[in-house]
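The values are calculated or read from the model by the stated rules, or taken from the named source; none is laboratory data. Note that the coordinates shown come from a computational prediction; the quantities given were computed from them, not determined experimentally. All Cβ positions, even for glycine, are placed from backbone atoms using ideal geometry, and neighbour counts span all protein chains on display.
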């Protein structure tokens, strides 16, 4: 953590925060695509399509071409889903971080700064679906600065903020493909409380699951 400073967000951090968030979310496209390929429905469609095409065409070329196009389509659906989520976040809370997170005493947004560069972010605000809890949001650390304890320090910052304001717990949501994040949160004392599929249609088709974690602060 040498030369790393965790401080409250300032307006001049806006573009750096948006860039960091966009890059961080885009990193999950390959693992999400792999997750989709492991789903029984995807494998069944691939197998049935391959068998049907090879039987009707009596050639390997057509089935291979068709499956290649199918896989390209699936990957584009994953990319679309992530891009849609990124666009939504950039147009909502990340479009005016000061108004969303800094105007109320129960919410805040922090950045981790190294040599004048924003290398990490985290935020929290009152949870909509959990009484007396704050929700940890927008956790991200630049790839070049991972493994330095920044994410742990950001987690502790949120926990201390939550405890100081008398809330019972911190909750957060992460996706099934973010295995490194899951390990981090479990290491910091969070407990997984439930799993659920994202309600949007593309996510339902791809069986894209979110995990809810909770850190009790009694």
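Is it true that residue 54 is outside any helix (DSSP H, G or I) and touching a helix residue (DSSP H, G or I) at 6+ places or on another chain (Cβ under 7 Å)? Write out each step before concluding.
Details: outside any helix (DSSP H, G or I): no; touching a helix residue (DSSP H, G or I) at 6+ places or on another chain (Cβ under 7 Å): yes.
Spelling it out, it is not the case that residue 54 is outside any helix (DSSP H, G or I) and touching a helix residue (DSSP H, G or I) at 6+ places or on another chain (Cβ under 7 Å).
Considering each residue of the range 36-54 in turn, none proves to be modelled with pLDDT of 90 or more, surrounded by 11 or more Cβ atoms within 10 Å (Cβ to Cβ) and touching a strand residue (DSSP E or B) at 6+ places or on another chain (Cβ under 9 Å). Could you say whether any residue in the range 126-140 is in contact with a helix residue (DSSP H, G or I) (Cβ under 7 Å, 6 or more places away or on another chain) and either surrounded by fewer than 15 Cβ atoms within 10 Å (Cβ to Cβ) or in a loop (DSSP other than H, G, I, E, B) (or both)? Checking the range 126-140: not a single residue is in contact with a helix residue (DSSP H, G or I) (Cβ under 7 Å, 6 or more places away or on another chain) and either surrounded by fewer than 15 Cβ atoms within 10 Å (Cβ to Cβ) or in a loop (DSSP other than H, G, I, E, B) (or both).
Matching residues to (1) in contact (Cβ under 8 Å) with a residue 40 or more places away in the chain; (2) touching a strand residue (DSSP E or B) at 6+ places or on another chain (Cβ under 7 Å); (3) in a loop (DSSP other than H, G, I, E, B); (4) surrounded by fewer than 16 Cβ atoms within 10 Å (Cβ to Cβ):
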| position | (1), (2), (3), (4) |
| --- | --- |
| 189 | no, yes, yes, yes |
| 199 | no, no, yes, yes |
| 204 | no, yes, no, yes |
| 211 | no, yes, no, no |
| 214 | yes, yes, no, no |
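Here 90, 69 are screened, and the one residue that is within 27 Å of residue 204 (Cα to Cα), without any contact (Cβ under 8 Å) to a residue 12 or more places away in the chain and outside any strand (DSSP E or B) is 69. Within the range 132-155, residues that are at positive phi and in contact (Cβ under 8 Å) with a residue 40 or more places away in the chain sit with their Cβ atoms under 7 Å from residues that are buried (at least 22 other Cβ atoms within 10 Å of the Cβ) and assigned to a strand (DSSP E or B), at 6+ positions apart or across chains, in these pairs: 138/121; 138/122; 138/123. Just one of the listed residues (27, 19, 15) is within 30 Å of residue 161 (Cα to Cα) and either surrounded by 16 or more Cβ atoms within 10 Å (Cβ to Cβ) or in contact (Cβ under 8 Å) with a residue 24 or more places away in the chain (or both), namely 27.
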